[in-house]
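Enquirer: Handing you a structure now.
The values are calculated or read from the model by the stated rules, or taken from the named source; none is laboratory data. Computed from a predicted structure; not experimentally measured. Cβ coordinates were reconstructed from backbone atoms using ideal geometry, including for glycine residues, and neighbour counts include every protein chain displayed. What goes into the accessible areas is simple: the full protein's heavy atoms, side chains included, and nothing from ligands, DNA or RNA. Shrake-Rupley method; radii C 1.70, N 1.55, O 1.52, S 1.80 Å.
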Amino acid sequence: MSDSTGSGLQGGLRAMGLGRRADAGGGTQARVVHVEGAWHIQGLLLVAGWRLSPHIAVRLVAGGTDLQAEVHTLDRGDVAASRSLPSGNGLGFGMVCLAAQARGVELAWKDAVSGNSGVIALELQVDPPLERINFPALGDAGAACLKFLPPNSPVWQMLLARASASTDVCGFARGSVDYCATSEPAGCTLLNGWFFGEPDALVWVEDARGTAVALHGARRYFRSDVQQELAADYAGAWSDTGFLVADTTTRLHGEVYLKAMFGSRIHILSKTRVKVMPDSALEIVRAALEPVSRQSEIRHCAETIAPLVSTLISRDRAQWARSTEHVIEFGPRAASPRVSLVVPLFGRTDFVELQLMAFARDPWLREHAEILYVVDDPRLEADFPRQASEHHLLHGVDFCVISGGRNRGFSGANNLGAAHARAPLLLFMNSDVFPKAPGWLEPLVQTLDTHADIGAVAPRLVYPDGSIQHAGMVFRWRPDLHVWTNDHPGMGFAVGLDPYRELTRVPAVTGACLAMRRADFDRIGGWHTGYLIGDFEDSDLCFTLREAGLHIAYEPGVELIHLERQSFQSIASGDLRLRVTLVNAVIHEHRWRAQLDASAGLQQDSQP
Amino acid sequence: MSGAQRILVVSHGHPDFSLGGGEIAAYRLFTGYRANPQVEAAWFLGRVDRRKGWPTGQISLRREDEYLWDQAVHDWHLMTAVHTDSVTGRFAELLRALRPTVVHVHHYAHLGLEFLALIKRVDPSIRIVLTLHEYMAICRQNGQMVKARTGELCRRSGFDDCNRCFPETSAEGFWMRKQRFSEYFALVDRFVAPSEFLRQRYIDWGLDPARIVMLENGQEDAATLPPRPLAEGSGRVRFGFFGQVSAFKGIDVLLKALALLPRGNRAGVQVDINCAHLEQQTPELQAHLKELAEPLIRQGLLHWAGPYAPGEQASRMAGVDWVIVPSIWWENSPMIIQEAFVFGRPVICANIGGMAEKVRHGIDGLHFQVGNPHHLAETLLECAGSTTLWETLASGIRRPPTVAESTAEHLALLEG
């Protein structure tokens, strides 16, 4: 502890008798201001002291630069009593500021009444044990340290432990944690909730063990429900009440408290039990993004949770190797097919019969193709083999059913199917895509056979009403959603409005019906499995092929029917569906930002 | 095709248990095939429901050459059989044992569509003939082509149009329905439409006109009944309704027409209702019909004669001058029209669909505006009040083909 004249209150007493002599440079003149302690800890500078008049302003300077310290005043009745002053009000001060280094710091004071001023060189205690810090003398500045410190640092926790929280109604902040889940194995936490209050109030979430997550850097967003509920009380003064934290390093346990501090007062705003975080990334998207009501904000919140979502997705993918695969062969497998049809099944299987009946009527397909159905839905595994057997007996088409034991999504299921495929060409097909007539497959195969520069080719797809569902894909920036989306130009239009009449190079094609070479598939590592459910896998595949120097082609001369999204409806719909798409869009954009930006204004490539 | 045919007739019911027009037509054709010297063998396979919709799939012998198949359909949207194992199992075995050259299918309702594929799997050379008895493939609403909520007549199916009748099923769901029917219909060699009207509806729907022919159902070779003897001063005032009750048969239109006849000028009109299955209708329909009928019965206009056995039809028809077919759906080829003509009774029917085709207005019967009791009331008065109309129309009747004649036409189709 340092003092310009002595130490502690004794020094203060001596200073008082000599304090009248105004001399800026001299040591004794400085006794109107006493420094009781100055500490440098974790990059923070703390100074505690008192002065003889509340009109004496204090600040911290180093090398002539003001350190912009926060000054918290406090009542020092002890000083007033020992000096026979009428009141101790405002005599004490605690100061806190960030300071990279501890040397050359001075306290500058100035008496607004007398005009006297002075400078006191500070002797700092560097990284002292906490019990050596005189917290009573620091007043509110002690607690104010919290907002400068990294949460969960030892000092933060010790500081916090010194402060007791009130459960009384808080006058300066309100809020609640709506969702708090921690994944113990993944070591991550998702927090969603809301708070508002004094702009300078410090708000954090803290569990019973004292592990805390600060909210001062959290993603904030508009919560229409909070607005509606509390508009009468607060007149919309705080618009972005929502907060969202996806922390990939912190685990919380037991009960968590939302706490707020203003000045030295700490209040508990709400209490919530920590849930076990579901393994499903979809559930995390739901919990994180459902309260985000403004479409324009979803993307930013999606950005916040994208790393967490990716963590959960890769943890999930890591499990795949452990699940058991079953293959059932309905009829003998062709020894050397020219093309393998890979059809993932999810949610429903009633399309299969219609596909098989159409395949049954196609002699070329029956001679040259092998058909692989991938059951990508454990719920279907009980019943589908029986149905498949019946279809085989009724329609006489040979095919294979591959069960992966778990849901892997569009990419994972396609990759699983490809792993079992034997042909040099692969045709990935959705279960709700149906040939209009025999003879559709051979031209797609021929395209790949005769165009070495084409990496993937897809046919025209039409809706049941005959209008365009797919005629090549382009990327469009959606300013309202702040994302790049995959767009199907001409969707819903009469096929006569399709600008293409022949095989054409396009930026990307749909994965609903896409043919490619096995060798290319292996070279690029198959379908990227880092997306949720299914949105951008096909454009990702196309970008990957293009990066490998190949073109993407659209063949309008081949036409199939696509019911589109029917098979996905059972997993996510409406608002959640949009949110999943936006999370995927963020992941897509992180992988292909340069290519997407390059496609702006260049919606379609020229013909090959 | 030449040589003797071996024909398996498949029907959605056996007339021993179910007396619908389709079952009767199927069974009659079976008897016609069996009696025809060109046919080496004929069998009848009728679907039966022993466990109220939870079929065993069992195939059993009813009598010589007649089998029953315990089968059902739960999904009427896609028309899938409940007991599919029996399709690929016992039914296939039966086909292999009987070795038919032709399977003549009268309906897939209650049977599902799958067995059509199995026939070709067992032997692709077996020809499949399918007689269409209503608009089942076109219309989810029991094949009636009547709008589900409003009862309006429907003229055309469409994925979005059908979705408006059944909002719980998406347009894509209706595409799937049509696709499934179309895929199975692709396995059928020849379609038979008992009316040109129905044939055209299926052509509009997408069936190749070359694959569907119109052939009349054959009728029992019964004698024409003499005209109903008239008491002195009485006219042709007795009208009869025959058939099963349903919401689409238009009995309510007939009853309302009777109520509209002006008191004091009813020309002695009297109507006999010979109907079955009233008790199987919804409580609302039963109550509605009773409410309409009771005052008419009290006034002596209406005689509720109730159900009749097949053998009783001639005697009941002998007591009437006219037969009324007031259906509010299109119908196909109502058997009662053919039967009325066999017995020499002119027919008064609604002016739509198969009815209007089979009954020639002003020649062998009269049309009235469908669903319009006022117009039916006028028609009844016109019939009852005229001294010459009945004779004119009765003499215009052409006798429908007999079962033997119809069978010959069907066999000619198989030769073609």
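Enquirer: So in the stretch A:309-331, with the set limited to residues that are more than 31 Å from the chain's Cα centre (by Cα) and on the phi < 0 side of the Ramachandran plot, which one is least open to solvent (accessible area, probe 1.4 Å)?
Expert: So, considering only residues that are more than 31 Å from the chain's Cα centre (by Cα) and on the phi < 0 side of the Ramachandran plot, the one least open to solvent (accessible area, probe 1.4 Å) is A:Phe330.
Enquirer: While we're on this one: Being part of a strand (DSSP E or B), on the phi < 0 side of the Ramachandran plot, out of contact with any helix residue (DSSP H, G or I) (no Cβ under 9 Å at 6 or more places or on another chain) and of a type outside the set (Lys, Arg) narrows it down to one residue among B:Leu61, B:Leu8, B:Leu45; which is it?
Expert: B:Leu61
Enquirer: Can you tell me which residue among A:Phe434, A:Phe475, A:Phe410, A:Phe399 is away from every other protein chain (no Cβ under 13 Å), more than 37 Å from the chain's Cα centre (by Cα) and crowded, with 22+ Cβ neighbours inside 10 Å?
Expert: Going through A:Phe434, A:Phe475, A:Phe410, A:Phe399 in turn, the sole match is A:Phe399.
Enquirer: Looking at the stretch A:270-293, which of its residues are closer than 17 Å to A:Gly193 by Cβ and not in a helix (DSSP H, G or I)?
Expert: Listed by number, the residues that qualify are A:Ser270, A:Lys271, A:Thr272, A:Arg273, A:Val274, A:Lys275, A:Met277, A:Glu290, A:Pro291, A:Val292, A:Ser293.
Enquirer: Tell me, which helices (runs of 4 or more DSSP H) lie completely within the stretch A:62-148 with 3 or more residues that are open to solvent by 40 Å² or more (accessible area, probe 1.4 Å) and not β-branched (Val, Ile, Thr)?
Expert: Where helices (runs of 4 or more DSSP H) fall fully within the stretch A:62-148 and carry at least 3 residues being open to solvent by 40 Å² or more (accessible area, probe 1.4 Å) and not β-branched (Val, Ile, Thr), they are A:77-83.
Enquirer: Here's another thing I want to ask about it. Can B:Leu278 be described as outside the structural domain of B:Val325 (by TED's automatic domain parsing) and in contact with a helix residue (DSSP H, G or I) (Cβ under 9 Å, 6 or more places away or on another chain)?
Expert: The answer is no for B:Leu278.
Enquirer: Sticking with this one: Output the number of residues of the stretch A:263-285 satisfying the condition of being surrounded by fewer than 18 Cβ atoms within 10 Å (Cβ to Cβ) and either within 30 Å of A:Asn584 (Cα to Cα) or aromatic (Phe, Trp, Tyr) (or both).
Expert: 7
Enquirer: Has the stretch B:212-227 got at least one residue that is open to solvent by less than 10 Å² (accessible area, probe 1.4 Å) and hydrophobic (A, V, I, L, M, F, W, C)?
Expert: Yes, the stretch B:212-227 contains at least one residue that is open to solvent by less than 10 Å² (accessible area, probe 1.4 Å) and hydrophobic (A, V, I, L, M, F, W, C).
Enquirer: Residues being of a type in the set (Lys, Arg) and part of a loop (DSSP other than H, G, I, E, B): count how many of those fall in the stretch B:301-360.
Expert: Residues that pass the stated criteria total 2.
Enquirer: Additional query: With the requirement that a residue be under 22 Å from B:Val39 (Cβ atoms), within 10 Å of another protein chain (Cβ to nearest Cβ) and aliphatic (A, V, I, L, M), what does the stretch B:64-118 give you?
Expert: B:Leu116
Enquirer: A:Asp200: among the acidic types (Asp, Glu), under 22 Å from A:Ser293 (Cβ atoms) and outside any strand (DSSP E or B), yes or no?
Expert: no
Enquirer: For A:Leu356, which of the numbered conditions (1) away from chain B (no Cβ under 14 Å); (2) out of contact with any Cys (no Cβ under 7 Å at 6 or more places or on another chain) fails to hold?
Expert: All conditions are met except number (1).
Enquirer: Could I ask something else about it? Counting only residues that are within 14 Å of chain A (Cβ to nearest Cβ), open to solvent by less than 30 Å² (accessible area, probe 1.4 Å) and among the β-branched types (Val, Ile, Thr), give me the helices (runs of 4 or more DSSP H) lying completely in the stretch B:159-211 with at least 1 of them.
Expert: Those helices (runs of 4 or more DSSP H) do not exist here; none qualify.
Enquirer: If we scan the stretch B:386-395, do we find a residue that is more than 23 Å from the chain's Cα centre (by Cα) and open to solvent by less than 20 Å² (accessible area, probe 1.4 Å)?
Expert: Scanning the stretch B:386-395 turns up at least one residue that is more than 23 Å from the chain's Cα centre (by Cα) and open to solvent by less than 20 Å² (accessible area, probe 1.4 Å).
Enquirer: Taking the stretch A:286-301 on its own, how many of its residues are open to solvent by 20 Å² or more (accessible area, probe 1.4 Å) and either out of contact with any strand residue (DSSP E or B) (no Cβ under 8 Å at 6 or more places or on another chain) or in the same structural domain as A:Ala181 (by TED's automatic domain parsing) (or both)?
Expert: So the answer is 5.
Enquirer: Looking at A:Ala306, A:Ala334 in this structure, which one is outside any helix (DSSP H, G or I), surrounded by fewer than 23 Cβ atoms within 10 Å (Cβ to Cβ) and more than 14 Å from chain B (Cβ to nearest Cβ)?
Expert: The conditions single out A:Ala334.
Enquirer: Continuing with the same structure: Report yes if A:Leu426 is in contact with a Lys or Arg (Cβ under 7 Å, 6 or more places away or on another chain), of a type in the set (A, V, I, L, M, F, W, C), on the phi < 0 side of the Ramachandran plot and crowded, with 24+ Cβ neighbours inside 10 Å, otherwise no.
Expert: It is true that A:Leu426 is in contact with a Lys or Arg (Cβ under 7 Å, 6 or more places away or on another chain), of a type in the set (A, V, I, L, M, F, W, C), on the phi < 0 side of the Ramachandran plot and crowded, with 24+ Cβ neighbours inside 10 Å.
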